[in-house]
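Rule-based calculations on the coordinates, nothing more; no lab input. What you see is a predicted model, and the numbers here were worked out from it, not measured in a lab. Every residue, glycine as well, gets a Cβ built from its backbone with ideal geometry; the counts of neighbours run over all protein chains shown.
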Amino acid sequence: MKTAIFAACVASAAAFAPSTKPAFGTSLAGKQDFLEAEPYWDQSTVPVNVYKNKAPFTGKVVSTKRIVGPKATGETCHIIIDHNGDFPYWEGQSWGVIPPGVREKDGKPHSVRLYSIASSRYGDDMTGKTGSLCVRRATYWCPELKAEDPAKKGICSNFLCDTKPGDEIQMTGPAGKVMLIPEENPNTDLIMVATGTGIAPYRGFIRRLFFEDTPAANAYKGTAWLFMGVANSDALLYDDELQEVKKKFPNNFRLDYALSREQENKKGGKMYVQDKVEEYADEIFTKLDNGAHIYFCGLKGMMPGIQDMLKGVAESKNIDYEEWVKELKAKKQWHVEVY
């Protein structure tokens, strides 16, 4: 079960001293270039599946913090994990987590759950020794009991959201290359579509390209455009960081929210993320024609609505939708990670 997660940044963007474009963060560790490939955009050395189920890595929790307001539709936590620099990863990858204990049905250990990493490779503290997850606590509301049924709660998400500093976590990975940033051309536009904790990989992207003093940040001249869908304002994730980036880099970062319980779409219905994307469909299609990369991350239920919307837009432009998507995939401009 793929999950993405994250939380309030340990240091807000405002705490960083101004720097040159585009990175506006001078980190606690100084310039971030000690975890870079050579050249920095070369993806041939991306670490994959260094730690496996039978020989997992043991990480230690640094902090676990709730990062949504009281009126959010669920609890989401930002969990910072210390890996002492022994579990490197790249932005867009995932960590596997093996929850403790065994399954009731057969007494076997729980299976691995994958969570998108919500920090850059340098971690929230910029040391390269930590990584973060953004996890929503999975619970089940029983309509008959009119209460939460603890027997049906998410094993791993509840374990992670209940962790305390010093707790150990068995981990595998890092997994995946689907969501990596194409950094070879620094003019590439990134269109990032998220629901809920699907924002996790994009937080890593944004921190790498705007918060940190990385080679990628110093070179980046494109536009990173985030579309984020959640239920209400209290459910927004990392809004403080995103607003700071938007303020500092109005020409390189764009942010659009879809709040389904607070906004209406053009038809008078609830505003979902596909409705917000549709408002800018002409511009997005043009950007994709010009080489932009588009990313989708969140619950798998988000994709049918997005695909129906894109298909409708394509038809209005006399574009064969299936061929259009096929071409984007062939050019590696289409990135999907849903769970």
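Per residue of the stretch 264-278, what does 6.51 cos²θ - 1.76 cosθ + 1.60 with θ = phi - 60° give for ³J(HN,Hα)? Whole Hz please, x for Gly and Pro, Karplus curve as stated.
10, 7, 5, 8, x, x, 5, 8, 9, 4, 5, 5, 5, 4, 4
Taking the Cα centre of the stretch 179-252 as the origin, how large is its charge dipole in debye, to the nearest 20, when only Lys and Arg (+1) and Asp and Glu (-1) carry charge on their Cβ atoms?
120
Let a ≥ b ≥ c be the square roots of the eigenvalues of the Cα gyration tensor of the stretch 243-290; is it rounded (a/c under 1.5), or, if not, prolate (a/b larger than b/c) or oblate?
Oblate.
Can you find, among Ile206, Trp225, Trp324, the residue sitting farthest towards the positive end of the charge dipole of the stretch 190-338, where Lys and Arg contribute +1 and Asp and Glu -1 at Cβ?
The Cα lying farthest towards the positive end belongs to Ile206.
I'd like the trypsin sites (Lys or Arg not before Pro) in the stretch 156-221 restricted to DSSP loop residues with at most 13 other Cβ atoms within 10 Å, sorted by number.
Lys177, Lys221
What are the residues whose amide H is under 5 Å from the amide H of Val193, where those residues sit 5 or more places off or on another chain and H is modelled from the backbone?
So Val193 has HN proximity to Phe227, Tyr295, Phe296, Cys297.
Using a basic spin-label model with each label point 7 Å from the Cα along Cα→Cβ, how many nm lie between Asp256 and Lys65?
According to this spin-label approximation, the distance is 3.0 nm.
Whole-Hz Karplus ³J(HN,Hα) for the stretch 42-54, in order, using 6.51 cos²θ - 1.76 cosθ + 1.60 and θ = phi - 60°, x for Gly and Pro?
Karplus-based 3J(HN,Hα) across the stretch 42-54 equals 6, 9, 6, 10, 4, x, 9, 6, 5, 10, 10, 3, 7 Hz.
Can you give the log10 of the normalised intensity I(q)/I(0) at q = 0.06, 0.07, 0.15 Å⁻¹, computed with Debye over equal Cα scatterers of the chain?
-0.20, -0.28, -1.32
Work out the length of the dipole vector of the stretch 190-338 about its Cα centre, built from +1 on the beta-carbon of each Lys and Arg and -1 on the beta-carbon of each Asp and Glu, and round it to the nearest 20 debye.
Using Cβ point charges on Lys, Arg, Asp and Glu, the stretch 190-338 gives about 260 debye.
Excluding Thr58 itself, calculate the net charge of residues whose Cβ lies under 11 Å from the Cβ of Thr58, where each Lys or Arg counts +1 and each Asp or Glu counts -1.
-3
Aspartates and glutamates near Lys54 by alpha-carbon distance under 19 Å, same-chain residues fewer than 8 away left out - which ones?
Once the sequence-local aspartates and glutamates are set aside, what remains near Lys54 is Asp86, Asp106, Glu168.
Which entries in Lys52/Lys331; Lys177/Lys221; Lys177/Lys276; Lys129/Lys177; Lys276/Lys326; Lys52/Lys300 show an alpha-carbon gap greater than 29 Å?
In this structure, Lys52/Lys331 lie more than 29 Å apart at Cα.
Helix-only estimate, please: 222 nm mean residue ellipticity of the chain, summing -39500 (n - 2.57) across DSSP H runs of length 4 or more and dividing by its residues, to the nearest 500.
Using -39500 (n - 2.57) per qualifying helix, the result is -6000 deg cm²/dmol.
In a Gaussian network model over the chain where Cα atoms closer than 10 Å are linked, find which of Thr139, Thr214, Thr223 has the largest mean-square fluctuation.
Thr139
With 24 Å as the cut-off, how large is the P(r) tail for the stretch 190-338, expressed as percent of Cα-Cα pairs?
The proportion of pairs with Cα distances above 24 Å equals 31 percent.
Which value, in debye to the nearest 20, describes the size of the charge dipole of the chain about its Cα centre when Lys and Arg Cβ atoms bear +1, Asp and Glu Cβ atoms bear -1, and nothing else is charged?
The dipole of the chain has a size of about 680 debye.
Given H placed on each backbone N at 1.01 Å, which residues far from Leu255 in sequence or on other chains put an amide H within less than 5 Å of it?
For Leu255, whose amide H was placed from the backbone, the distant partners under 5 Å are Leu226.
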